[in-house]
Amino acid sequence: MKLSDKDILYQDNHLIAVYKPAGEVTQGPFQEAVRAWIKMESQKPGNVFLEPVHRIDKPVQGIVLFAKTSKALTRMNAQMRDRAIERWYIAGVEGKLQGCGELVHKLRKDPHRSVVADDGRESRLLYKVVSGGWVEIQLITGRYHQIRCQLAEIGHPIIGDAKYGASNMGILQLQHQKMRFKHPTRDEWVEIKCRNKLQSR
């Protein structure tokens, strides 16, 4: 794949945030496309350091943040461990989910999916229904398939998510839309946003 300038959501000497389309794996051709874009943009000879700060599932679209230096990666990984990086998603769900609330489940990773289980790890998110019926989700923890599993568990699977009980298979209506964190080398907060590119409901 090949990136264009419009796919770049944020960039400085230490970080780059890129829009990942659905169907691409964070590490693989997508990461190499980001590396190639940096190399072309900066006219940099030799190898380009580039490591993901986080990952989003293959069928999920939206923001992926990469570190461009080892210092940034170390410091951003520490923020991730401390849950200091705030992340919001937007989703289209089946049924009429209303209002707002918190979901808390114990999730265990089984092969290729998550399940609710007594021996699972505590998983928490906040949700709020916003205009147009979209559901905004703020991740508190970051478990495997967490949003998909928790919404399905309360009877509102994400549209297109047949793996978790949606009525039809299609493009997963889940997008990583916003994140906020402390810059790894400057004493300031950074907020990155991506407009809603999901199908209209």
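The values are calculated or read from the model by the stated rules, or taken from the named source; none is laboratory data. Keep in mind that what you see is a predicted model, and the values were worked out from it rather than measured. When we count neighbours, we look across all protein chains shown, and the Cβ atoms used for this are built from the backbone with ideal geometry, even at glycine.
The set of residues from region 43-59 being within 11 Å of the chain's Cα centre (by Cα) and over 14 Å from R87 (Cα atoms) comprises D57, K58, P59.
Could you grab me the full set of residues in region 106-152 that are among the β-branched types (V, I, T), closer than 28 Å to N196 by Cβ and either assigned to a strand (DSSP E or B) or in contact (Cβ under 8 Å) with a residue 60 or more places away in the chain (or both)? Outline the logic, then answer.
Residues of region 106-152 among the β-branched types (V, I, T): 115-116, 129-130, 135, 137, 140-141, 147.
In the following step, the residues that additionally are closer than 28 Å to N196 by Cβ were identified as 129-130, 135, 137, 140-141, 147.
Passing the criteria: V129, V135, I137.
For first residues located in region 75-102 and within 20 Å of I192 (Cα to Cα), partners that are assigned to a loop (DSSP other than H, G, I, E, B) and among the aliphatic types (A, V, I, L, M) and lie 6+ apart or on another chain with Cβ distances below 6 Å form the pairs M76/V53; Q79/I85. The condition of being surrounded by fewer than 17 Cβ atoms within 10 Å (Cβ to Cβ) and of a type in the set (A, V, I, L, M, F, W, C) holds for only one of I147, I154, I137, I159, that being I154.
Can you tell me which residue within region 53-74, out of those that are basic (K, R) and part of a loop (DSSP other than H, G, I, E, B), is nearest to T141 (Cα to Cα)? Here the residue is R55. Of the residues in region 75-96, at least one is touching a strand residue (DSSP E or B) at 6+ places or on another chain (Cβ under 8 Å), assigned to a helix (DSSP H, G or I) and either farther than 15 Å from R143 by Cα or among the acidic types (D, E) (or both).
Determine, yes or no, whether K182 is within 20 Å of Y19 (Cβ to Cβ) and of a type in the set (K, R). I'd like the intermediate steps shown before the answer.
On the way: within 20 Å of Y19 (Cβ to Cβ): no; of a type in the set (K, R): yes.
For K182, the condition - within 20 Å of Y19 (Cβ to Cβ) and of a type in the set (K, R) - is not met.
Please state which one of L125, L107 is closer than 28 Å to L9 by Cβ, touching a strand residue (DSSP E or B) at 6+ places or on another chain (Cβ under 7 Å) and at pLDDT 95 or above. From the options L125, L107, the qualifying one is L125.
Please enumerate the residues belonging to region 162-181 that are part of a strand (DSSP E or B) and either surrounded by 15 or more Cβ atoms within 10 Å (Cβ to Cβ) or under 13 Å from the mean Cα position of the chain (by Cα) (or both). Across region 162-181, the qualifying residues are L174, Q175, H176, Q177, K178, M179, R180, F181.
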